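Written below as structure tokens is the structure these notes are about.
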Amino acid sequence: MELGLTGRTAVVTGAGRGIGLAVAQALTEEGVRVVGSARTITPELEKASVAAISADLSTTEGVTALFDAARTELGGIDILINNVGGGDVDKMVIGGFLDITDDQWARMYELNLMSAVRATRAALPSLIERRGAIITISSINSQLPAAGPVGYSEAKAALTAFSKRISEEFGPLGVRVNTVSPGVVGTPLWRESGRFGAKLAEVNGVGHEEFLAALPQQFGMASPRITEQEEVAALVTFLASERAGNILGADYVIDGGTLKVV
């Protein structure tokens, strides 16, 4: 299928690895000129982008630096992928509501909501001019408020609502805004030692590999396996393309059948 993306430009946040890197790679393969941002620049991101920008998007200064560099490199922005986020923040406590401080709540919202708010604000003038697209990576946790680290599901619910608001306001101006909500994805967040998946395995008193193998059954997935990051990237790439020209304000779930709702 011809996606009509050749020659377009994109900014992908959180592109150093995981879903963000897979999206940057998929867009580049379709002929998009990608500027990717991450706190730590990886060789893989440098290969998958025309410019890799080190930036902390939980700060206004980081967002400003990224989009100044993107405008210099690209001239204008056709596509924004808001991918920064996660529950694996530094010094995160895994516990109940009474275990969590205001600081962790604030960091969850800065990382998962405000980074996208600031990036969207910075990109919108160019996106309006070019009738572009925004795809924001949310999570099925936005519909599962009791799942995940305290504050994470709540921040993702706010992120999905924010994207719907932006779609309503800027859709009539030609900007398409949608969200993609993965379930468990085989990213470094889950598979690398010492990160979120490993921490959950430790909390549950089982080995990391055993924990990952049991996830589909434990989460009640219809699929016998978790989603791969390349599958999420393929969906994002389609939504960024002209083939999705009349898809606005939608939330696409890709979770192996975890959510049991109609």
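The values are calculated or read from the model by the stated rules, or taken from the named source; none is laboratory data. Keep in mind the model is a prediction, meaning the values are calculated, not measured. Here the Cβ is made from the backbone with ideal geometry for all residues, glycine too, and neighbour counts use every protein chain on show.
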(Q) For the condition among the polar types (S, T, N, Q) and out of contact with any helix residue (DSSP H, G or I) (no Cβ under 8 Å at 6 or more places or on another chain), what is the one hit in 136, 72? (A) 72
**Q.** Where residue 87 falls short, out of the listed (1) assigned to a loop (DSSP other than H, G, I, E, B); (2) at pLDDT 95 or above; (3) within 13 Å of the chain's Cα centre (by Cα)
**A.** (2)
Q. How many of the residues in segment 113-149 are under 23 Å from residue 257 (Cα atoms) and hydrophobic (A, V, I, L, M, F, W, C)?
A. 6
Q. Of everything in segment 93-127 that's part of a helix (DSSP H, G or I) and among the hydroxyl-bearing types (Ser, Thr, Tyr), which residue is nearest to residue 142 (Cα to Cα)?
A. 109
Q.
I'm checking my understanding of the structure. Among residues of segment 126-163 that are over 16 Å from the mean Cα position of the chain (by Cα) and of a type in the set (Val, Ile, Thr), which one is surrounded by the most Cβ atoms within 10 Å (Cβ to Cβ)?
A. 150
(Q) Among the residues in segment 130-139, are any under 25 Å from residue 187 (Cα atoms), touching a Ser or Thr at 6+ places or on another chain (Cβ under 6 Å), in a loop (DSSP other than H, G, I, E, B) and not β-branched (Val, Ile, Thr)? (A) yes
Q. Could you say whether any residue in segment 42-57 is closer than 17 Å to residue 132 by Cα, out of contact with any Asp or Glu (no Cβ under 8 Å at 6 or more places or on another chain) and either in a loop (DSSP other than H, G, I, E, B) or without any contact (Cβ under 8 Å) to a residue 24 or more places away in the chain (or both)?
A. no
Q. Among the residues of segment 80-134, which ones are of a type in the set (Gly, Ala, Ser) and closer than 23 Å to residue 11 by Cβ?
A. 85, 86, 115, 116, 119, 122, 123, 126, 132, 133
Q: Considering every residue within segment 174-187, establish whether at least one is of a type outside the set (A, V, I, L, M), part of a helix (DSSP H, G or I) and either in contact with a Gly (Cβ under 7 Å, 6 or more places away or on another chain) or modelled with pLDDT of 95 or more (or both).
A: no
